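Each remark here refers to the structure printed beneath this line.
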Amino acid sequence: MSARVPRNIPVDVIRPYVVETPDPPRALDLGALFDPPGPVEVEIGFGKGRFLVTAAELQPERRFLGVEIRHVLRDFVAARLAKRSLTNARVMQADARIFLREIVPDSALRAIHFYFPDPWWKKRHHKRRIWTSQLFADFERALEPGGVLHLASDVDMVFDEMCARARERSGLREDRSAKLEPPCTTNFEDKAGDEGRVVGRTAFVRV
Ligand SMILES: C[S@@+](CC[C@H](N)C(=O)[O-])C[C@H]1O[C@@H](n2cnc3c(N)ncnc32)[C@H](O)[C@@H]1O
């Protein structure tokens, strides 16, 4: 995925949109990163940021924190947020697994958006797949009661395995009702639609 921060955007302009990853990792009060402070929704692996930027624009009353493993994408999306002055969204560079385990306090999140994780097709790369039972145990722990886990993928194997991992958690209950539909699509979702692939989408509520 190629993405470049426009050269004419100075570091000082994107800095307010970037949350530095605590090193060593430690729990952060995520709600306090925003003004006014309040409940936070996290997007895991935001890529070029279509969902994060559009959702923040459409829902100015909500707070969004995007977590992405690639620095270049963090800065690219910070520049997109800065261009639109979207102060209800921030981005952080981190491995989502460490972010959830070490940085997110219990019951801290109002929603988690987990869309189109890399399938890592080759057998020798399977260990890089992040939709593990551990990740879903961390999703369950991180969500507040009534909080929502949104899942989507255009790869049947990935979607089925994510749903199976979520169904293993007694604290998550599937809810496909339209009221939980997110406000917009992601870059990969649009690409799948353009290429005629079916997208699997569902949501689980923290009980
Ligand atoms: C296939 S892309 C999907 C991007 C976006 N969610 C979308 O639907 O357009 C997967 C994204 O997850 C990011 N990613 C992969 N492993 C990750 C990890 N361990 N923690 C955070 N992000 C990760 C990748 O860098 C990439 O941007």
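Taking a ≥ b ≥ c as the square roots of the Cα gyration tensor eigenvalues, with a/c under 1.5 meaning rounded and otherwise prolate when a/b beats b/c, else oblate, which class fits the stretch 96-147?
Values: a/c = 2.98, a/b = 2.16, b/c = 1.38.
Because a/c hits 1.5 or more and a/b exceeds b/c, the stretch 96-147 counts as prolate.
Would you mind working out the magnitude of the charge dipole of the stretch 1-87 relative to its Cα centre, with +1 at each Lys and Arg C-beta and -1 at each Asp and Glu C-beta, to the nearest 20 Debye? Please list the in-between numbers first.
Values: 13 positive and 11 negative charges, 94 e Å.
The calculated dipole for the stretch 1-87 is roughly 440 debye.
Ignoring everything except DSSP H segments at least 4 long, calculate the 222 nm mean residue ellipticity for the chain; use -39,500 (n - 2.57) per segment, divide by total residues, nearest 500.
On the way: 6 runs with 57 residues, N = 207.
The per-residue figure over the chain is -8000 deg cm²/dmol.
I need to check one value: relative contact order of the stretch 1-96, counting alpha carbon pairs closer than 8 Å and at least 6 residues apart, in percent. Walk me through the numbers before you get to the answer.
Details: 153 pairs, mean separation 36.1, N = 96.
Once normalised by length, the contact order is 38 percent.
Loop only by DSSP, 10 or fewer other Cβ within 10 Å of the Cβ. Give me the GluC sites (Glu not before Pro) in the stretch 1-82 that pass, ordered by residue number.
Details: sites: Glu20, Glu41, Glu43, Glu57, Glu61, Glu68; in loops: Glu20, Glu61.
In loop regions of the stretch 1-82 (DSSP not H, G, I, E or B), the sparsely surrounded GluC sites (Glu not before Pro) are Glu20, Glu61.
As a test, work out the antiparallel percent of DSSP beta bridges whose residues both lie in the stretch 11-206, rounded to the nearest 5.
Working: 9 of 31 bridges.
Once the DSSP bridges in the stretch 11-206 are tallied, antiparallel ones form about 30 percent.
Show me, for the stretch 14-30, the HN-Hα J-couplings you get by feeding each phi into the Karplus relation (A = 6.51, B = -1.76, C = 1.60, θ = phi - 60°), rounded to Hz, glycine and proline as x.
8, 3, x, 9, 9, 9, 5, 6, x, 10, x, x, 8, 5, 10, 7, 5
Run the count for the chain, please: Lys pairs, Cα-Cα under 27 angstrom, 8 or more apart or on different chains.
Lysine pair count for the chain: 11.
What FRET efficiency would be calculated for the residue pair His126, Asp29, taking the C-beta separation as r and a Förster radius of 41 Å, to the nearest 0.05? If you can, show how the numbers build up before the last one.
Working: r = 36 Å, r/R0 = 0.87.
It comes out at approximately 0.70.
Excluding Phe99 itself, calculate the net charge of residues whose Cβ lies under 15 Å from the Cβ of Phe99, where each Lys or Arg counts +1 and each Asp or Glu counts -1. Before the final figure, lay out each step's value.
On the way: positive: Arg26, Arg70, Arg74, Arg90, Arg97, Arg101, Arg141; negative: Glu20, Asp23, Asp29, Glu41, Glu43, Glu68, Asp95, Glu102, Asp106, Asp138.
Here the charged neighbours net out to -3.
Over the chain, calculate the relative contact order: mean separation of alpha carbon pairs under 8 Å at least 6 apart, over the residue count, as a percent.
Relative contact order, the chain: 21 percent.
Whole-Hz ³J(HN,Hα) for each residue in the stretch 140-155, computed from phi via Karplus 6.51 cos²θ - 1.76 cosθ + 1.60 with θ = phi - 60°, x for glycine and proline: what do you get?
Result, ordered by residue: 4, 5, 6, 7, 6, x, x, x, 10, 9, 9, 10, 7, 6, 9, 9 Hz.
For the stretch 11-206, state what percent of all Cα-Cα pairs lands in each successive 10 Å bin, counting from 0 Å until the bin that includes the largest distance.
9, 37, 39, 13, 1
Simple spin-label model, 7 Å along Cα-to-Cβ: Ser170 to Arg197 in nm?
Each label point is offset 7 Å from its Cα along the Cβ direction, giving 3.7 nm.
Roughly what would the spin-label model give for Glu181 and Glu144, points 7 Å off Cα along C-beta, in nm?
2.6 nm
Bear in mind that the values in this text are calculations on the coordinates, not laboratory data. Since this is a predicted model, take the numbers as computed values, not measurements. Cβ coordinates were reconstructed from backbone atoms using ideal geometry, including for glycine residues, and neighbour counts include every protein chain displayed.
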